[in-house]
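Engineer: Handing you a structure now.
The values are calculated or read from the model by the stated rules, or taken from the named source; none is laboratory data. Everything numeric in this text was worked out from a predicted model, so none of it was measured. Neighbour counts run over all protein chains shown; Cβ positions are idealised from the backbone, glycine included. Accessible surface areas use protein heavy atoms only, side chains included; no ligands, DNA or RNA. Shrake-Rupley method; radii C 1.70, N 1.55, O 1.52, S 1.80 Å.
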Amino acid sequence: EEEERKHQQKHSGPKAERKKLKKQGNSTEKDERKRNPKAFGVQSAVRMAKTFHRAQDIKTKKHHIPLVDRTPLEPPPVVIVVVGPPKVGKSTLIRCLIKNFTRQKLGDICGPVTIVSGKKRRLTFMECNNDINTMIDLAKVADLVLMLIDASFGFEMETFEFLNICQVHGFPRIMGVLTHLDSFKNNKTLRKTKKTLKHRFWTEVYQGAKLFYLSGMVYGEYQTQEVKNLGRFISVMKFRPLVWQTSHPYLLVDRMEDLTDPEKIRTDLKCDRRVSLYGYLRGTYLKNKSQIHIPGVGDFQVAEVNFLPDPCPLPGAQKKRALNEKERLLYAPMAGVGGVVYDKDAVYIDLPACHAQQVQEEIRPSTELVQSLIDTHATLDAKMAASKVTLFSGSATLDSADVNVQNSENEGHMEERIWDPISHRERRKVIFTEEADDDKGDASDSSENEDSDIEESDAEEQEDTNENGAGGMRETSDHGGPTVKKRKLEEEKDVTGAVAELPVFADSEDDLEMSEEEGDAGRAADSGHCSEEDEDEEESADEEMDDDDDDDDDDLSKEEEEGALRWKDRLQQKASEAFLRQQEAMPNLRKLVYGSEEEDGEDVDEELGGLFRVNRPQKSRRFQANALDCSHFNPDSSHNWDLEEMLDSIKDCFVTGKWEEDQDAATLLKEHDEMYGDFEDLETGEVHKGAIEAQDQSQNNESDEDGDAEEAPTTADDDDVQKNKRLDKKRRLKERFDAEYDDGDATYFDDLKEEMQKQAELNRAEFEDLDDETRVQYEGFRPGMYVRLEIPSLPCEFVANFDPRYPIIIGGLGSNEGSAGYLQMRLKKHRWYNRILKTRDPLILSLGWRRFQTIPLYHIEDHNGRHRLLKYTPQHMHCGASIWGPITPQGTGFLALQTVAGINANFRIAATGVVLDLDKSVTVVKKLKLIGYPYKIFKNTCFIKGMFNTVLEVAKFEGAAVRTVSGVRGQIKKALSTPPGSYRATFEDKLLMSDIVFLRSWCTVSVPQLYNPVTSLLLPVGQKDSWSGMRTLGQLKHDLGIRNKPNPDSLYKPVVRTEAHFNPLHIPKELQKSLPYKSKPKQQQRKGKRPRDMQRPSVIREPHERKVAALLQALSTVHNYNTKKAHAVQHAKHKEFLRQKEKDEEAKLKRQKEARKNLYRIMGQKDQKKQKSSLKGTPKD
């Protein structure tokens, strides 16, 4: 068979040359520019200027006003609210996202669910149900909104309602998610629907808003790749700070505890409850004893605030590309997820009884270690002593005795095995050569009490480390074999800021002692149980743990001055002291189990820095036979010399180190110069002064540039300080000069950003060095802390009717926001709301953190500044509104609803607006017309009655302008004694008794003081969306069946108009003479009756004549009918004739057209022949 020929690549030609250039990295663009520079030149300066301006405009439009970055170093979790109508897939999406980030499945989504999504970001998911109260509350705290839309149905009212709520309360980031796309069978319809929904979504949010498509479900979950893409977008999204959120502290509560005394509840079920609420603090700093508002409950005073350890901490500062499984934390106490719960003075571990014997790794990963500790029946030492290991297949097994014999030979310590009848295990006692006798006595005394103390402290310590997220450890089995899961040590800070000391595990007590004595050759806090894969991670963690070990070294350096390890001495006393220390801080497992070990001062040269390392038997067996002698020198002594502590530990070994005063070279030289510093160089004749005389001269001669005379430095250190000061001053002057003259390309926007950046750095650096306890006293509880708020007097319904599906938000109030007052607002009825709003009808407002009912007065400002009361809100324009309510900062947006009960079929948001003013400076007035009647008329003066009731009322209105219905203007002059309320007035003209006089006045309207908070969270479970407050007047009349009695003057009546009779026009004779003839009245006589003789007599026919007339009439009728019928037939024939004629005409035209075509074709062919013959030329003869 002939082999298939391989493709031969071209090695020459233009294509091959381009490929070569591309491989070499040389672009061909430069050559093209050189070859044809005009093609790359500016073709049109005007067009280039337009392009440049457009690019700059687009760049400038992206600029926001820079704000000071107040986000803490450990920001609180990002609040992600999943919104949408019912049955659109909200819970499914949350479950898929949680599974994507944490690899865990959640059954029921109740309350906030906090997860760790990356090295620097945590997420809190909250599902928003269809209740308008929940939508309003969550819109105020959301950082990101995932808006789910059912693509098979389209947009629903809930989507637009939530968008309007967000627009009012500060617009968070919004991402649309289209679901139910698998219901479209036709691909064209799917694309069209996607496009329509996308553009409508862009109209509501902004052009280019992100819209995700979830194409379908697989086994009840969304497709993994689509969820992963959505999770990536969420993980890297940036958020712009919202004004209300950054100026107020707030919490999204994820846990609630009732602290009320049970005896008090037993005696009085309706008593107020003392409740502690937990959550991440967001926004700004929270002060203790401050005022808060819980939407749906009311205003309260905080009794106590504490910060707790973070239940869902960010992963450690180790450099890793991704999170490992242990750091994929999930915290959802309301959903029953997360086995460890922190409180003020305790830590609770949830161990479900029904699953006690099963491994809860998938659902409850934090309880595995605690469960294994509870189930164990033997101590770690007994298990390790009984365990055996086989190094090679077919070789003999090694137990701990063989290893200990080799180690004891290297160490020089002796070992004695003693069987303990109480604990039923073999005890191994260390015998030191110099103090063997003393140790025997001490060890035997303490051996009895050792087991119980070690076992208890061991279990407590492992519980604490398990709660702090350090992971679990599986021990070796009784039958031997290597460890299955290795313990990783992590650094955890306590509430007080102290660093928790970390436990060290070894195969046995003797191994731990030996390893600690060999600490100079090992690493700090090495567990001896880490696998080879974990060694790199542990080395990076050593740097962080050096600080912890330094504290232990101070304690360990006391006992070893006596010359030996005495870890069994006074073991019971040490255990009791450690237990007392455990109440204050997290205990140290090494001190509890093995006692304190201290070094002798003579061993400083061997153990530099006091770093300890636990010996690894596996590692020691890997040493080769030709390696260096380990008893004298350990070749694997790796120290991190970049650390300042390691450098300080060996400073004394060098000349530049810190020596004693009588041995330090620099100190001795200074003293020598002071005493013997004066000498004269005989060759040059230069006189050198000592330090003391030089100081006196420099004080007289030297002065500072600023005019501040200071003493000259007396030592070399002071000289360095002065030199640094001068350098700093020069540097500052140069920076000032550069800032003034070297602007470069910096714009005003860049300068503003730099200024904000400096302010943010100043804010961070102010309290950076203080511990949390001290910082809290200065600046309050900072955002990002997990805090516990204790509220002393919450209504009992809050606890009894608690539903985790409804969010509990704690909003901090400003200094004046707790008091009520008059608010002036600008309001506009929403164009989608189908009713206009009436003054004095109660309205539910969402303003700030609060939702409350109040009675607004609508008004509009006239051209003269008067605020005139309106009965109804105007259509499509703003109006003013005055209410009585809680003081809220100016510029805060609000929205209004008429009811929050149930689900209305129509759009629920009635109006939106903004707060303008906070005082009662605006006076709302309404028009008032007072009517009076004249009872005496004297030329232009008349007496009016019926307008006022008393003389005092008239005195108030003296000089006021009045007017009649006919338009005659006048003025009130003075009150009359009788009748009461009458007055004298003057007018422009004389009045008639039928005139009506009225006075136009303005009456001040007072704003009703109603503030009724919406307490929806106090309603029973299942009825929280049915809160109803004060009803409107129309609702009251409808509910009570009251009908208005109509005003008789307002009823419509039939209009009866009498016929008007006008007199004949009378023109005087003199005027008639001057009129033209056609306008003169003609003297015509009226037509009279015709005389009887002039009238034509009537003819009476005979019977025969009547018959003849009837016959003629019948014949004429028949003739007319026949004529009409014949005319119709003729018309139809003519119509048919015309139709046929038209057809013939069309056929004729068609024939003529075809004939013309043939004629033109023949003529064209003749012309072509003529052209060809002319092109060929005449044939030669």
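Engineer: Is there a quick way to get the dipole size of the stretch 208-264? I mean about its Cα centre, with the Cβ of Lys and Arg at +1 and of Asp and Glu at -1; what is the value in debye to the nearest 20?
Structural biologist: Numbers: 7 positive and 7 negative charges, 132 e Å.
With only Lys, Arg, Asp and Glu charged at Cβ, the dipole is about 640 debye.
Engineer: Using only the Cα atoms, work out Rg/Rh for the stretch 723-828, with Rh taken as the Kirkwood radius, to two decimals. Write down the numbers at each step before the final one.
Structural biologist: Details: Rg = 24.6 Å, Rh = 20.7 Å.
Checking Rg against Rh, the ratio lands at 1.19.
Engineer: Mind ranking 1055-1063, 834-842, 1090-1098 by how tightly packed they are, going by the mean number of other C-beta atoms within 10 angstrom, highest first? Please report the intermediate quantities before stating the final value.
Structural biologist: Values: 1055-1063: 4.9, 834-842: 15.7, 1090-1098: 6.6.
The most tightly packed comes first, giving 834-842, 1090-1098, 1055-1063.
Engineer: Taking the Cα centre as origin and putting +1 on Lys and Arg beta-carbons and -1 on Asp and Glu beta-carbons, what dipole magnitude results for the stretch 926-1004, to the nearest 20 debye? The partial results should precede the final answer.
Structural biologist: Values: 14 positive and 5 negative charges, 23 e Å.
The dipole magnitude comes to about 100 debye.
Engineer: Which three semi-axes in whole Å describe the equivalent ellipsoid of the stretch 146-305, each the square root of 5 times a Cα gyration tensor eigenvalue, listed largest first?
Structural biologist: Values: eigenvalues 355, 83, 48 Å².
Ellipsoid semi-axes (Å, largest first): 42, 20, 15.
Engineer: Here's another thing I want to ask about it. How large is the accessible surface per residue of the stretch 926-1004, computed with a 1.4 Å probe and reported in Å² as a whole number? The partial results should precede the final answer.
Structural biologist: Numbers: 4900 Å² over 79 residues.
Normalised by residue count, the accessible surface of the stretch 926-1004 is 62 Å².
Engineer: Scan the stretch 921-1018 for trypsin sites (Lys or Arg not before Pro) in coil per DSSP, keeping those whose Cβ has at most 15 other Cβ atoms within 10 Å, and list them by number.
Structural biologist: Working: sites: Lys926, Lys927, Lys929, Lys936, Lys939, Lys945, Lys956, Arg963, Arg969, Lys973, Lys974, Arg984, Lys990, Arg1000; in loops: Lys939, Lys990.
Taking the stretch 921-1018 and a limit of 15 other Cβ atoms within 10 Å, the loop trypsin sites (Lys or Arg not before Pro) found are Lys939, Lys990.
Engineer: I'd like the GluC sites (Glu not before Pro) in the stretch 757-861 restricted to DSSP loop residues with at most 13 other Cβ atoms within 10 Å, sorted by number. Walk me through the intermediate numbers first.
Structural biologist: On the way: sites: Glu761, Glu766, Glu768, Glu773, Glu779, Glu790, Glu797, Glu817, Glu861; in loops: Glu768, Glu817.
For GluC sites (Glu not before Pro) across the stretch 757-861 that sit outside H, G, I, E and B with at most 13 neighbouring Cβ atoms in 10 Å, the list reads Glu768.
Engineer: Could you list the square roots of 5 times each eigenvalue of the Cα gyration tensor of the stretch 205-255, that is, the equivalent ellipsoid semi-axes, sorted largest first and rounded to whole Å? Could you put the intermediate results ahead of the total?
Structural biologist: Working: eigenvalues 180, 63, 20 Å².
Values for the stretch 205-255, descending: 30, 18, 10 Å.
Engineer: Still on this structure: Taking the dipole about the Cα centre of the stretch 926-1004, with the C-beta of Lys and Arg at +1 and of Asp and Glu at -1, give me whichever of Pro980, Val962, Gly932 is farthest to the positive side.
Structural biologist: The Cα lying farthest towards the positive end belongs to Val962.
Engineer: Still on this structure, I have one more. Do any chymotrypsin sites (Phe, Trp or Tyr not before Pro) in the stretch 764-810 lie in a loop, going by DSSP, with at most 16 other beta-carbon atoms within 10 Å of their beta carbon, and if so which? Numbers along the way, then the final one.
Structural biologist: Working: sites: Phe767, Tyr778, Phe781, Tyr786, Phe798, Phe802; in loops: Phe767, Phe802.
Passing sites in the stretch 764-810 are Phe767, Phe802.
Engineer: Shape call for the stretch 1076-1181 from the C-alpha gyration tensor, a ≥ b ≥ c root eigenvalues: rounded (a/c under 1.5), prolate (a/b greater than b/c) or oblate?
Structural biologist: Details: a/c = 11.07, a/b = 2.45, b/c = 4.51.
It is oblate, given that a/c is not under 1.5 and a/b is not larger than b/c.
Engineer: May I pose another question? At a 1.4 Å probe, what is the % contribution of carbon and sulfur to the accessible area of the stretch 926-1004? Intermediate values should be presented prior to the final figure.
Structural biologist: Working: 2670 of 4900 Å².
Within the stretch 926-1004, the accessible surface is 55 percent carbon and sulfur.
Engineer: Do any of Lys90/Lys287; Lys929/Lys1053; Lys61/Lys920; Lys99/Lys120; Lys59/Lys210 go past 28 Å between their Cα atoms, and which? Walk me through the numbers before you get to the answer.
Structural biologist: Details: Lys90/Lys287 36 Å; Lys929/Lys1053 26 Å; Lys61/Lys920 40 Å; Lys99/Lys120 19 Å; Lys59/Lys210 20 Å.
With Cα atoms farther than 28 Å apart: Lys90/Lys287; Lys61/Lys920.
Engineer: Sorted by mean Cβ packing within 10 Å, highest first, what order do the peptides 148-155, 329-336 take?
Structural biologist: Working: 148-155: 18.0, 329-336: 21.2.
Those peptides, ordered most packed to least, come out 329-336, 148-155.
Engineer: Can you work out the base-10 log of I(q)/I(0) for the stretch 761-800 at q = 0.26 1/Å, using the Debye formula on its C-alpha atoms alone?
Structural biologist: -0.96
Engineer: May I have the extent of the alpha carbons of the stretch 926-1004 along their three principal axes, as whole Å values ordered from largest to smallest?
Structural biologist: 34, 27, 19
Engineer: Separate question: Give the carbon-plus-sulfur fraction of the accessible surface of the stretch 787-918 in %, rounded to a whole number; probe 1.4 Å, heavy atoms of protein chains only.
Structural biologist: Numbers: 2390 of 4960 Å².
That fraction is 48 percent.
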